[in-house]
Amino acid sequence: QVQLVESGGGLVQPGGSLRLSCAASGSIFRINAMGWFRQGPGKQRELVAVIIISDETTNYADSVKGRFTISRDNAKNTVSLQMNSLKPEDTAIYYCSMVVAGRSHWGQGTQVTVSS
């Protein structure tokens, strides 16, 4: 079993910043990828950012490039998402996801609201 717990969501004004973190615990013996998804009101869940562990490459949704940065702490099995210059359209529930030994695991989600 793999458990993922997110933290760091909240309410922020447009232009502000937030940092999300996700801690993994349980049977973690081979992480293939770590990433963040989000689901806005009335929208489908979408990929925000991902790290491919084998070569440390990162990929971002076009809508967040230059504003969001994904990073990981291998020793602590955590992945973080630094979000800057937030916009109202970034409002969503953000989900941490990890692929461990080929299986996807999800956190419970954390709400991010960008509003004045």
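The values are calculated or read from the model by the stated rules, or taken from the named source; none is laboratory data. Fair warning: this is a prediction, and the values are worked out from it, not measured in the lab. Neighbour counts are summed over all protein chains in view; Cβ atoms, including those assigned to glycine, are modelled from backbone coordinates with ideal geometry. Note: accessible area is taken over every heavy atom of the protein model, side chains too, but ligands, DNA and RNA are not part of it. Shrake-Rupley method; radii C 1.70, N 1.55, O 1.52, S 1.80 Å.
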> Given the options GLY26, GLY40, GLY15, which has the most mean-square fluctuation in a GNM of the chain, springs set between C-alpha atoms less than 10 angstrom apart?
Replying inline: GLY26
>> Along its three principal axes, how long is the chain when you only count alpha carbons? Whole Å, largest extent first please.
In response: 43, 25, 25
> Rounded to the nearest whole Å², what accessible area per residue is found for the chain with the 1.4 Å probe?
Replying inline: 52
> If you take the charge dipole of the chain about its Cα centre, with +1 on Lys and Arg Cβ and -1 on Asp and Glu Cβ, which of PHE68, LEU47, GLN1 is farthest toward its positive end?
Replying inline: GLN1
> Where the accessible area of region 12-105 is counted over protein heavy atoms with a 1.4 Å probe, how much of it, in %, is carbon and sulfur?
Replying inline: 47
> Using a ≥ b ≥ c from the Cα gyration tensor of region 56-116 (square roots of the eigenvalues), is it rounded, prolate or oblate, where a/c under 1.5 gives rounded and otherwise the larger of a/b and b/c decides, a/b for prolate?
Replying inline: prolate
> Where a Cα-Cα gap under 23 Å defines reach, which lysines qualify for LYS65, not counting those fewer than 8 residues away within the same chain?
Replying inline: LYS43, LYS87
> Quick one: net charge of GLU89's neighbours, Cβ under 11 Å, K/R +1, D/E -1?
Replying inline: +2
